[in-house]
Every structure is written in structure tokens, then in C-alpha cells.
Amino acid sequence: MDGTPVGRRVFFGILGVGAVGVLWGAKAQDWLEKAVAPLVAKDGTGLSAFLPIGRFRIYTVTGDLPSKSHSEYSLKVGGLVDSPFTLTYEALRALPPTKMTKDFQCVTGWRVHEVKWQGVLLGDLLDRAGVKARAKAIRFKSFDGTYTESLTLSQARRKDVIVAYQMEGGDISAEHGGPVRLYVAPMYGYKSIKWLDTIELTDQVEPGYWEHYGYDVDGWVGRSNGRDDNAT
Amino acid sequence: MAATTTPPDAGAVPPEAIIERFDRVERIAHWLNASLFGVVMLTGSILYIGQLSVLFGNREIVRTLHVYCGLAIPVAFLIAYSPRWGRALRRDFARINRWSQDDKRWFRTLGRDRNVRLGKFNAGQKLNAAFVVAAALVMVGTGSIMKWFEPFPVDVRTGATFVHDWFAFFIWISVLGHIWFAFADSEALRGMWRGTVTARWAKAHRPRWYEETTGDHGDLTE
């Protein structure tokens, strides 16, 4: 058959673009985020949220979006503690706040830079409950009824681990795990359990939801799950 | 259109005669692929767009569907391409690869040049086919890196996600365009559904292919 083999050229050209993208995509993405982020911030249509640039992916493991209003919400702190207690949303908001601006890094590769967080230090809540001597770890439960997470006591007492109720200057939306979620700054996103409603002190670490599917229990960013991302 | 003004004695083929455009294997391959693409594009959107993820939940199930339907796309294609069944498909691939002078002119004028005499496919179809086949392979490759990520360095995983996301965007455009043009020309769509078109359609839209298939070189008013 005569004629120019344009089809073959297009085919190999596209394969080439794909291969180059795999090798250089991480750099291209960093560059794009710096170049486009200011434009995206000004975009009034919201359409730019669909572009694969600096965005959160919303993960839920259950069949629907868990949601609770501020008045329905309560946080239980119990297990191996001297005085278990329950906080309403308002009571949690009334505690001394901790603010930080830090990245959110997912173990699947995406990262959102410089997210503004506000919440209560997890360590403060533990002190208030009075941790018993034989407690070694914490088990977190989500009101989605399925998701769980864990931290050791020393991880939980870090100054960059908060029970968060604000994100980017506003209430945390249901998609992002509101009204209250955990934010474990130095670890991958799966440790920052969404829709948090139970904090339970335990005598040993009980692996959480994704950890049954093979994720590391100690999910340090850059030092676990075979990844070497920059620390958050 | 030229064909309707053709005098009755111009050729041996009556305008209502039926000409085979795609054989059974090609049609099965097409609709199997169309279904798989449909599943992969919809589940992909659910995984990617936060509002949809939230609406559907069940991330594990959606992801499993997405991965295995995606992996099945080249399998369906390879079966169709086997030496035993894929003769017509291979022939069409050879057609899609080669661009004639007419194809180039058609492409430059976006089909507006009425003097262009096309073969079985126009240049838009040829370009789209070459893009989609390559893009599907890129998606299978990058998707596999995302799914079986352990042996790959982090930059490669991020790169694969980056490519997978952007290619998905262009595949959506290509597929929506493909569907749009199919519905804009019901007889072309019938060609892929029942496998046949009328001689009139072939003569008017794909004159070189018409001559090649029917051997009818009757006058064509241009």
C-alpha cells in the first residue's frame, strides 16, 4: 500500500511521549504546580480542580460519604486511661489550638503542598484522659464504621500530630474527613484517619485498615512503604 | 451529493446495493473494546474525581474493575489480531497507517475540500486510531506501574501517575469525538453495527474504497 506511514509515526510518537512522561513526569509536575497553582487559585469556575495538578484525591473505603453535622459529632477518648471522656465539637474547638502549614503526602504518589491545618494536639487529649502505665499504643476509629488506624504512644505525643478541625482556613468538609480528622504530619496520608470519632488507648499496636492490605504500620514519609519522598 | 446525480447507466452497482464494511471479527473486537473502554473510563473517573469517589465509595471494588478491564483491552485486541481471524482487521490497519496525498489535503482543509477522494478511512479516523492504540498501550504500561509499584523508584511512580492522568484526559476527548462523529453519520455507525453500508454512501464518502471493493469505476461527477 502506498502513501506516507503517518500512522506508524503517530503511534511511536505517542509511545515516546508516554515514556518521556514517565521518566520526567515528577519534575514536570513540580514545575507545573509552581507555574499553574497561582492561576488555579484564581479560577472561579472550579473546573481546574479536575486537572491533575496539586490536588487531593478523595478516598473512602465504604459505600457512601460519611457525614455528621457539628451538633451530631462527638469524640470519645477511652481505653486504658484513668478518666475516659467525650467531647462535643464545640468543646474540642474551645481547647488551645495548634496551627501548622505542612504538606500532605499520599503513599500512592500525589502530594499537596503547604496545606494549612488547625486542631488540638493529640498529646493534650491524652494528658487530659491520663494514660495508664500499661498503655503502649492508640487505636483510632472512624465513624464510617470501617476505617481504623494506629500510632504508638511516642508517635502520638509528637508536636506535629493533631486532631484537626480546620483545613485551609475553613471547616474540614465531609470529603476531607470532617468535621474532625487526624493529621499526622510526618506520615503518609493513610495514617491521618478521616471522620475520627474514637481514640482508644491499647496495650499494643493494632494495625489499621490499609495495613491489612500491606502498608507499613510506621508510615513515615520517605522512610516506609519503599518510598523516598521528601519529609513533610 | 455526487452519488445521487450519477446517471443510472454509470455502473453495474445499484446505489442501494449493500457493501460489507467491517467483518464480524472487526465488529466484535470493536464493541468488546468499546465496552471495556466504557468501563475503564467510568471507573477511572470515579477513582479520579473526588465528588464521584464520594458518591460511589467502594474504592477497592472500583479499582479492581478498573485494573482488570484495562488489562483486558490489549487481550481483546490480540485475539482479533490473531492470524486465523484478523485478516480484515490487519488490512484496515495497513490502510490506517498510510496517508495518501488526498488524506493530507483532507487533513489540511479539515474535510472541506470536496475534490479529495478518500479511501476506506479519512485522515481524522486514521489519526484517531493511531493515537488511541498507542495511548491504550501507554495506559496499560503506566497503570501497571501504579498497580505493581514496588520495584519502581518514586520518581517513576509519580511520572506514571502523571502520564496516566493526562493521557486519560486526551483519551476522553478522543472517544467523545469518535462517538460524536459516529452519531452525526448514522450510516457510518450502521457500518460498525451491522457491518454494511449502501453503495450510495460508499461512493459519496469513500470513493476510492468503493472502487476498490466493487471494481466499479463508473463516472463520478465531481
Quick one: B:Phe181 ticks every box in (1) within 14 Å of chain A (Cβ to nearest Cβ); (2) touching a Gly at 6+ places or on another chain (Cβ under 8 Å) bar one, so which box is it?
(1)
Scan segment B:99-135 residue by residue and report those that are within 12 Å of chain A (Cβ to nearest Cβ), surrounded by fewer than 19 Cβ atoms within 10 Å (Cβ to Cβ) and basic (Lys, Arg).
B:Lys104
Cβ-Cβ under 6 Å, sequence separation 6+ or interchain: first residue in segment A:179-193 and of a type in the set (Val, Ile, Thr), partner not in a loop (DSSP other than H, G, I, E, B). Which pairs?
A:Val180/A:Tyr165; A:Val180/A:Leu196; A:Val184/A:Val161; A:Val184/A:Lys191; A:Ile193/A:Phe140; A:Ile193/A:Ser142; A:Ile193/A:Glu149; A:Ile193/A:Leu182
Any residue at all in segment B:115-126 that is part of a helix (DSSP H, G or I) and of a type in the set (S, T, N, Q)?
yes
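For the condition in contact with a strand residue (DSSP E or B) (Cβ under 7 Å, 6 or more places away or on another chain), over 27 Å from A:Val6 (Cβ atoms) and at pLDDT 90 or above, what is the one hit in B:Ile28, B:Ile18?
Numbers: B:Ile28 fails: in contact with a strand residue (DSSP E or B) (Cβ under 7 Å, 6 or more places away or on another chain).
The unique qualifying residue is B:Ile18.
Looking only at residues that are in contact (Cβ under 8 Å) with a residue 24 or more places away in the chain and under 20 Å from the mean Cα position of the chain (by Cα) in segment B:165-176, which one is nearest to B:Phe22 (Cα to Cα)? Spell out how you get there, then give the answer.
Just the residues of segment B:165-176 that are in contact (Cβ under 8 Å) with a residue 24 or more places away in the chain, to begin with: B:165, B:167-168, B:170-172, B:174-175.
Keeping just the survivors that are under 20 Å from the mean Cα position of the chain (by Cα) gives B:167-168, B:170-172, B:174-175.
Numbers: B:Phe167: 28, B:Ala168: 28, B:Phe170: 26, B:Ile171: 23, B:Trp172: 24, B:Ser174: 21, B:Val175: 19 Å.
Among them, the one singled out is B:Val175.
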With (1) within 12 Å of chain A (Cβ to nearest Cβ); (2) hydrophobic (A, V, I, L, M, F, W, C); (3) part of a helix (DSSP H, G or I); (4) over 30 Å from A:Thr108 (Cβ atoms) as the list, and B:Val138 as the residue in question, which single condition is left unmet?
(4)
Name the single residue that is modelled with the highest pLDDT among those in segment B:77-87 being in a helix (DSSP H, G or I) and surrounded by fewer than 17 Cβ atoms within 10 Å (Cβ to Cβ).
B:Arg87
Say whether the condition of being surrounded by fewer than 20 Cβ atoms within 10 Å (Cβ to Cβ), in contact (Cβ under 8 Å) with a residue 40 or more places away in the chain and either over 18 Å from A:Trp220 (Cα atoms) or not assigned by TED's automatic domain parsing to the domain that holds A:Ala91 (or both) is met by at least one residue in segment A:152-163.
no
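The values are calculated or read from the model by the stated rules, or taken from the named source; none is laboratory data. Just so it is clear, the model here is predicted, and its values are computed rather than measured. Note: ideal-geometry Cβ built from the backbone for every residue, glycine included; neighbour counts use all protein chains shown.
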